[in-house]
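Below: one structure, written as structure tokens.
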Amino acid sequence: MDEGKRHFRLGLFVVVCLATLAAVLFLLGGRKLFRPTFTFETYFNESVAGLEIGAPVRFRGVPLGQVSEILTSAAAYEGDVPLDKRREYIVVRAKVNLSADEAEQMQRDAVELAKRGMRAQTQLAGITGQQYLAIDFLDPGKYPPLPFPWTPKYPYLPSAPSLAGEIIANAQSFLASLNEADVKALGQNLNALVVDVKKKVDAAPIVEVVKNANATLERIDRILATAPIDQTLRRIDSASTRLDALLADPGLKQTIDNVAAASARVRKLVDDGDLDRMVKRIDDTAERLDAVLGDNQYDVRVIIQDLRVTADNLRTLSDSVKRYPAGALIGGPPERIPFPGTAR
């Protein structure tokens, strides 16, 4: 009886421990087993050295999931294809941790996102050489999808070459172009160019140019030494002082204000049309005067002659009044009275 109780207690203890261990494992990572995921695959036509299973998948730096598989297209889809016709792509499959609704939405929008330029690209995670899978929107015309004849097992996301791969490819292309270039001929051309430049320098009259430059500098020094610099500076200072006094004069400010007011009035006349009407009236008056003078040219000449005669008579009368004021009212001047001993 006691032995049966001991076995029961031992069994209960083992069950409780197993249940506790299962609960701890579930809390630590078991929940991922029941979390919905979205799996996609992409193909690379280059080396993916440094990318390992479990490497993070990030969209513009935001963690989304991890790489789940890395294999060749020959192992995944081209097992029965002849060797000379195989694509030999690298197939990378990744799982993205999403909710059930997000996973379903991603499943529906995968094709449209690929058309808009969503691409997968391997990038370095630091200086360690490890890589991760980066997802971003790129130019779909510059990075078209790779051709393949099979049906993908998971939704397909096109890829783009890695930045490190592009740098290496450009460096290799540059080195190849250097190898193809005629380095020997290029060196000979450079040597010939150096020889020509040396000849030009030797033939140039550098000594004469230096002498002329020194002579010019000496003349400038003599001019500066003999020129009345102090007197010129004093004149400039005096002129600036007079100019400051003139600008500070209130009369000048009043004159400027008057000119501004007059210009404003003239502008107002021009804007209102009064100036144009005044000019038109003057033109009309001048035309009428021309017509009058043209029609009565003889009468005007006679009137002017009569006015001249009248002016002469008035001048004579004025002189007479000055000499004989009474005679201008009574009559002519009195007769002269002869004195004894004078001729009559």
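Observations
- The single residue among Ala134, Ala103 that is at pLDDT 90 or above and either closer than 25 Å to Glu69 by Cβ or not in a helix (DSSP H, G or I) (or both) turns out to be Ala134.
- A single member of Leu64, Leu27, Leu33, Leu83 is modelled with pLDDT of 85 or more, hydrophobic (A, V, I, L, M, F, W, C), farther than 24 Å from Ser162 by Cβ and open to solvent by 50 Å² or more (accessible area, probe 1.4 Å), and it is Leu83.
- Once segment 37-61 is narrowed to residues that are at negative phi and small (Gly, Ala, Ser), the residue that is surrounded by the most Cβ atoms within 10 Å (Cβ to Cβ) is Ala55.
- Test: Asp80 is more than 48 Å from the chain's Cα centre (by Cα), part of a helix (DSSP H, G or I) and under 24 Å from Trp150 (Cα atoms): no
- Within segment 30-47, residues that are under 13 Å from Thr122 (Cα atoms) sit with their Cβ atoms under 7 Å from residues that are assigned to a helix (DSSP H, G or I) and at pLDDT below 85, at 6+ positions apart or across chains, in these pairs: Glu46/Gly165.
- Cβ-Cβ under 6 Å pairs, at least 6 apart or on other chains, segment 161-181 side at pLDDT 70 or above, far side among the β-branched types (Val, Ile, Thr): Ser162/Thr122
- Arg108 being of a type in the set (Lys, Arg), touching a Leu at 6+ places or on another chain (Cβ under 9 Å) and modelled with pLDDT under 90: no
The values are calculated or read from the model by the stated rules, or taken from the named source; none is laboratory data. All of these numbers come straight from a predicted model, not from anything done at the bench. Cβ: placed from backbone, ideal geometry, glycine included. Neighbour counts: every protein chain shown. Note: areas computed on protein heavy atoms with side chains; ligands, DNA, RNA excluded. Shrake-Rupley method; radii C 1.70, N 1.55, O 1.52, S 1.80 Å.
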